[in-house]
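The values are calculated or read from the model by the stated rules, or taken from the named source; none is laboratory data. The shown structure was predicted, so the numbers you read here are calculated from the model rather than taken from an experiment. Because the Cβ atoms are built from the backbone with ideal geometry, glycine has one as well, and the counts that use them run over all protein chains shown.
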Amino acid sequence: MGKIILKGLEFFAHHGFYEEERKIGNKYSIDIEVSTDFKRASTEDDLTGTINYEVLYEIINDIMKTPTKLLETIGKKIIQEVRLRLGSELDVLVSVSKFNPPIGGICERATVVISSEE
């Protein structure tokens, strides 16, 4: 087994609990880890034997275009779509961060981490 990992994917999107957040938008960062078997890909040097990280990016990019209220919802949607399109048996771990969250003080980012096991 191995992992495909994409770190620091950045998006400007219109998510947030407060309506004003959804209007103004904010910067978000996504990290994703997908566990998979590299045996076929490493033996045959063939992309069809592994997970294409371009497809992972497309899935996340599409989800980030639809405003939601909670970071947890974004993470869950990413996991659901990855498993729907690439295999329901995959173990997926997603980290979703919002930069400068509106908490009334200084905070670089708020982050939630969610896995397919939850």
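General remarks:
- Residues that are surrounded by fewer than 15 Cβ atoms within 10 Å (Cβ to Cβ), under 21 Å from Lys27 (Cβ atoms) and among the polar types (S, T, N, Q), drawn from segment 69-110: Asn100
- Subset of segment 32-90 that is among the polar types (S, T, N, Q) and touching a residue at least 40 places away in the same chain (Cβ under 8 Å) - its residue that is nearest to His15 (Cα to Cα): Thr68
- Scanning segment 98-111 for any residue that is in contact with a Pro (Cβ under 6 Å, 6 or more places away or on another chain), without any contact (Cβ under 8 Å) to a residue 12 or more places away in the chain and not polar (S, T, N, Q) turns up at least one such residue.
- Sole residue being aromatic (Phe, Trp, Tyr) and modelled with pLDDT under 95, chosen from Tyr57, Tyr18, Tyr28: Tyr18
- Within segment 4-21, residues that are more than 14 Å from Leu71 (Cβ to Cβ) and free of Cβ contacts under 8 Å to residues at least 24 places away in the same chain sit with their Cβ atoms under 9 Å from residues that are surrounded by fewer than 16 Cβ atoms within 10 Å (Cβ to Cβ) and of a type in the set (Lys, Arg), at 6+ positions apart or across chains, in these pairs: Glu10/Lys27; Phe12/Lys27.
- Of residues in segment 28-54 being surrounded by 13 or more Cβ atoms within 10 Å (Cβ to Cβ) and among the hydrophobic types (A, V, I, L, M, F, W, C), the one nearest to Arg83 (Cα to Cα): Val34
- When restricted to residues that are β-branched (Val, Ile, Thr) and within 22 Å of Arg85 (Cα to Cα), segment 1-27 contains 2.
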